[in-house]
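J.: The structure that follows is given in the form of structure tokens.
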Amino acid sequence: MSKIAIFLALSCIGAQAFAEESHANVSRDQAPVETYTYGSKLDVKKVISVTDVAPECGPVPAQMTYEDSQGQRHVMQYQVMGSGCSNG
């Protein structure tokens, strides 16, 4: 019975360490979010993804993930008009 308890304890510790390491790798791989301002100098070579526009009537945040000419990945946050406005 004590072997099972030790095995379970070590398994939990190992799983937690693996989860922390995986989270650290994800954080390291993700580019920090930059906020677009008028006049920002952009170097966009390739757009990787763009978030969907929220179904609200008014300005809403959106994000674009892209690579620059040096191959660096960036995430740019900017404002767009929501898709929830009606013309009537």
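J.: Could you please let me know if GLU34 is out of contact with any Lys or Arg (no Cβ under 9 Å at 6 or more places or on another chain) and over 29 Å from ASN87 (Cβ atoms)?
T.: Judged against the criteria, GLU34 is a match.
J.: Can you tell me how many residues within the stretch 34-88 are in a loop (DSSP other than H, G, I, E, B), among the β-branched types (Val, Ile, Thr) and exposed (fewer than 12 other Cβ atoms within 10 Å of the Cβ)?
T.: Within the stretch 34-88, residues that are in a loop (DSSP other than H, G, I, E, B), among the β-branched types (Val, Ile, Thr) and exposed (fewer than 12 other Cβ atoms within 10 Å of the Cβ) number 1.
J.: It is to be established whether one or more residues within the stretch 57-70 are of a type in the set (Asp, Glu), modelled with pLDDT of 90 or more and over 18 Å from the mean Cα position of the chain (by Cα).
T.: no
J.: Okay, moving on. Working only within the stretch 48-73, note down all residues that are within 13 Å of PRO32 (Cα to Cα) and among the aliphatic types (A, V, I, L, M).
T.: MET64 - this is the single residue of the stretch 48-73 that is within 13 Å of PRO32 (Cα to Cα) and among the aliphatic types (A, V, I, L, M).
The values are calculated or read from the model by the stated rules, or taken from the named source; none is laboratory data. Since this is a predicted model, take the numbers as computed values, not measurements. As a convention, Cβ positions derive from the backbone with ideal geometry for all residues, glycine included, and neighbour counts pool all protein chains shown.
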